[in-house]
1. Just to confirm a number: summing +1 for Lys and Arg and -1 for Asp and Glu over residues other than Ile33 whose beta-carbon lies under 12 angstrom from that of Ile33, what do you get?
2. Explain nothing, just the number: relative contact order of the chain, from Cα pairs under 8 Å at least 6 residues apart, as a whole percent.
3. How high is the relative contact order of segment 3-74? Use alpha-carbon pairs under 8 Å, at least six apart in sequence, and give a whole percent.
4. Taking a cut-off of 20 Å between Cα atoms, list the aspartates and glutamates near Lys116, but don't count ones fewer than 8 places away on the same chain.
5. Applying the Karplus parametrisation 6.51 cos²θ - 1.76 cosθ + 1.60 with θ = phi - 60° to the phi angles of segment 43-59, what ³J(HN,Hα) value in whole Hz is obtained for each residue in order, glycine and proline being reported as x?
6. Have a look at Gly54, Phe141, Leu4 and report the one farthest towards the positive end of the charge dipole of the chain, computed about the Cα centre with Cβ charges (Lys/Arg +1, Asp/Glu -1).
7. Please give the direction-averaged projected area of the C-alpha convex hull for segment 41-160, in square nanometres with one decimal.
8. Residue-wise, which Karplus ³J(HN,Hα) couplings in Hz belong to segment 21-27, taking 6.51 cos²θ - 1.76 cosθ + 1.60, θ = phi - 60°, and x for glycine or proline?
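Bear in mind that the values in this text are calculations on the coordinates, not laboratory data. All figures in this text were calculated on a predicted structure; none of them were measured in a lab. Note that each Cβ is placed from the backbone with ideal geometry, even for glycine, and that neighbours are counted across all protein chains shown.
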Amino acid sequence: MIGLEYILQLYGMQHQDLAKKLGIRKQNINLWIKGKQDISKKYLPELSETFGIGESYFQKELDDVDKLVVQKQKLSRELRDINDIQFEISKAKVVSDFRDIINTITHDFDVQMYEKSNKLFEAYGDKQLIKDTIDALSHYFDVLPDWVAEPDSDNFVQEFLELVDKYYKDGHLRG
């Protein structure tokens, strides 16, 4: 089976749908699949981009290994799409949770604290110190399970926790 035909079957796409996407006639797709005409070099990059499959697979006769490689490329692309969707869901959840927290603010001091936090994130959110500090605070207040820590921040987290404990014992911080 020629690669293009297998890929169309794998994606559940009709010849006419592909022809429309490429801006060509359905007959061209049929000629390509029957091997009566080579796929124009002009369309190979577009096919590769559309399906996420290497250009070399569209015109050749696929063996079982080739079919598995094509399936893997399709699944890898779908997994990336799923991961992208999961990332967007996670971001939306954080925004929603943060909005709920902000809506509970009743004191000016709390507003100022969130303003300062925002400024820190805007200016230094990509700095490791900020990430390690949030990681340490999260562990100190048991917000996250222990396995969430990054190995690079473990020493920082331990030192931070010891420092906070010392300040609590000395009466500098209140719970």
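1. 0
2. Relative contact order for the chain comes out at 15 percent.
3. Relative contact order, segment 3-74: 34 percent.
4. Counting by Cα, and skipping residues close in sequence, Lys116 has these aspartates and glutamates nearby: Asp97, Asp100, Asp108, Asp126, Asp132, Asp135.
5. Residue by residue, segment 43-59 yields 9, 4, x, 5, 5, 4, 5, 4, 9, x, 10, x, 4, 5, 7, 6, 9 Hz.
6. Towards the positive end, the residue furthest out is Leu4.
7. 12.6
8. 4, 7, x, 10, 7, 4, 4
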